[in-house]
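The values are calculated or read from the model by the stated rules, or taken from the named source; none is laboratory data. This is a predicted model, so every value here is computed, not measured. Please note: Cβ atoms are built from the backbone with ideal geometry, for glycine as well, and neighbour counts cover all protein chains shown.
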């Protein structure tokens, strides 16, 4: 059971003070009846919550799939550069969302935005063994030696040890799918640089059970479906 003002303020649309004013004005309905006080407590499950007749989600957490465009930071704020949160409407920017994991500024593709810290940890923990698949285009032509080097694991020139990874060459000799189970800083770029095949383009296609929605253009987002949320929930319980 949680306070009504906390539930409404948690959507990011109103402050606690604004919620109290809405309730006093009779603009908040709970299960069809006008709310009487901000301190009233309710179970979020099955709650019919409306403001000015419009339904309001009482969910504690948000889960958004974003097609991150190149040139945008995987961060919550930056004084000089655009971040992924700047791509969202104002009420979601106030909901405490953050990217679960990161993509380099010039990398595009699938990014999960959430305010569920426990779930984010489950996705990012090495113990969870969450695979991530990337499409990559390089300078030069990829060969069997590159596949073998990725499969064996690599030690980079600075001593960083990279776990075995997958590299599946595609029809074009400069394109491949790369599968990682870890996400070290600039890892794919650094591995391919060491192989003499600098990365020209990189895009994340999947992250665990999530697959980038082909209907999303760069910069667009949508809430996760119930099926996608259930798949993530199984990761949390694993």
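Here are a few things to note about the model shown:
- Matching entry among 25, 35 (being surrounded by 18 or more Cβ atoms within 10 Å (Cβ to Cβ) and modelled with pLDDT of 90 or more): 35
- Those residues of the stretch 63-102 which are within 10 Å of the chain's Cα centre (by Cα) and assigned to a loop (DSSP other than H, G, I, E, B), in sequence order: 74, 97, 100, 101, 102
- Residue check, residue 216 closer than 30 Å to residue 63 by Cα, in the same structural domain as residue 99 (by TED's automatic domain parsing) and in contact with a helix residue (DSSP H, G or I) (Cβ under 6 Å, 6 or more places away or on another chain): no
Every residue, every condition in (1) under 15 Å from the mean Cα position of the chain (by Cα); (2) assigned to a strand (DSSP E or B); (3) surrounded by fewer than 13 Cβ atoms within 10 Å (Cβ to Cβ), yes or no:
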residue	(1), (2), (3)
178	no, yes, no
188	no, no, no
192	no, no, no
203	yes, yes, no
206	yes, yes, no
214	no, no, yes
217	no, no, yes
227	no, no, yes
234	no, no, yes
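- Scanning the stretch 12-32 turns up no residue that is under 17 Å from the mean Cα position of the chain (by Cα) and assigned to a strand (DSSP E or B).
- Each residue in the stretch 115-132 was checked for being crowded, with 21+ Cβ neighbours inside 10 Å and not in a loop (DSSP other than H, G, I, E, B), and 3 of them qualify.
- Any hit, the stretch 53-68, residues being over 25 Å from residue 227 (Cβ atoms) and without any contact (Cβ under 8 Å) to a residue 24 or more places away in the chain: yes
- Residue within the stretch 196-205 that is in contact with a helix residue (DSSP H, G or I) (Cβ under 8 Å, 6 or more places away or on another chain), without any contact (Cβ under 8 Å) to a residue 60 or more places away in the chain and more than 30 Å from residue 63 (Cα to Cα) present: yes
- Considering the conditions (1) surrounded by 14 or more Cβ atoms within 10 Å (Cβ to Cβ); (2) under 16 Å from residue 181 (Cβ atoms); (3) assigned by TED's automatic domain parsing to the domain that holds residue 196, residue 153 is excluded by exactly one of them, (1).
- Being closer than 18 Å to residue 223 by Cα, modelled with pLDDT of 90 or more and loosely packed, with under 14 Cβ neighbours inside 10 Å holds for only one residue in 79, 89, and it is 89.
- For the stretch 42-58, the criterion of being touching a strand residue (DSSP E or B) at 6+ places or on another chain (Cβ under 6 Å) and within 23 Å of residue 236 (Cβ to Cβ) is met by at least one residue.
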